[in-house]
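The values are calculated or read from the model by the stated rules, or taken from the named source; none is laboratory data. Only a predicted model underlies this, so the values are computations on that prediction, with no experimental measurement involved. Cβ placement follows ideal geometry from the backbone for every residue including glycine, while neighbour counts extend to all protein chains displayed.
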Amino acid sequence: MRVFSGYKKRILIFLMLFTGISVFSAFPTMAEINTPPLTKLDSHSMRPNNVVMGIHIGETVTEIAADTFRNQINLQYIEVSNDNPYFTSFSYCLYDKDMTTLICFPQAMMKAEIPSSVTRINQYALYGVDVYVKEKVKEAIRKNAEAKGVEMEYINPTVFPYDYQWPYTCEYPLTN
């Protein structure tokens with residue numbers, strides 16, 4: 001068993017306490033810490049890091065900012081509780097409940113099935129995804145839109161219903 005320094009362990013524990021969502025790490029053992037349920041996820045819910053490999057979004061989450069998962073470079077899967085009325089996951093990607101908008105394609109994933117109902121894509125949904133994979137996902141969504149007789153639509157975060165974003169210049173809470 002590999003032992004990690006206390007510094008990295010404290011970062012992971014802080015991240016899990018801060019997010020209130022289940023976070024699975026690259027450490028040899030998985031850990032889950034239950035905290036009061038969150039209703040909104042934003043770019044401060046999870047710090048940019050290379051440790052988080054998977055996320056489970058509970059039933060209490062009602063809003064997700066467009067850029068929440070932008071810097072999660074090792075993110076391989078997103079799961080959503082079946083009881084969540086606003087979001088769903090399919091093939092480990094994050095969608096709105098009716099599966100018409102792709103909200104996040106995890107950055108470390110190399111393939112996923114895109115449902116035929118998806119015709120819209122969040123502007124940051126493919127941020128950091130491999131270039132080849134990104135083009136294949138866009139192509140699949142474009143074909144879905146053509147089959148439905150509509151244009152593929154990019155959702156700009158300023159009009160996306162879950163557009164709450166923290167300014168990049170502010171400090172993360174609890175860092176000082």
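Key figures
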| quantity | calculated |
| --- | --- |
| Single match in V137, V133, V129, V118 (criterion: surrounded by 15 or more Cβ atoms within 10 Å (Cβ to Cβ) and under 21 Å from S45 (Cα atoms)) | V129 |
| Test: A145 is more than 16 Å from the chain's Cα centre (by Cα) and more than 20 Å from D67 (Cα to Cα) | yes |
| Residues (closer than 18 Å to Q72 by Cβ, buried (at least 19 other Cβ atoms within 10 Å of the Cβ) and out of contact with any Phe, Trp or Tyr (no Cβ under 7 Å at 6 or more places or on another chain)) located in the stretch 103-115 | F105, Q107 |
| Whichever residue in the stretch 63-91 is aromatic (F, W, Y) and assigned to a loop (DSSP other than H, G, I, E, B) and, among such residues, is surrounded by the most Cβ atoms within 10 Å (Cβ to Cβ) | F69 |
| Complete set of residues in the stretch 100-132 that are over 18 Å from D67 (Cα atoms) and touching a Lys or Arg at 6+ places or on another chain (Cβ under 7 Å) | T100, T119 |
| Among residues of the stretch 66-123, those that are closer than 17 Å to E135 by Cα and more than 11 Å from the chain's Cα centre (by Cα), counted | 16 |
| Candidate set from the stretch 149-176 (those that are among the charged types (D, E, K, R) and loosely packed, with under 13 Cβ neighbours inside 10 Å); member that is modelled with the highest pLDDT | E151 |
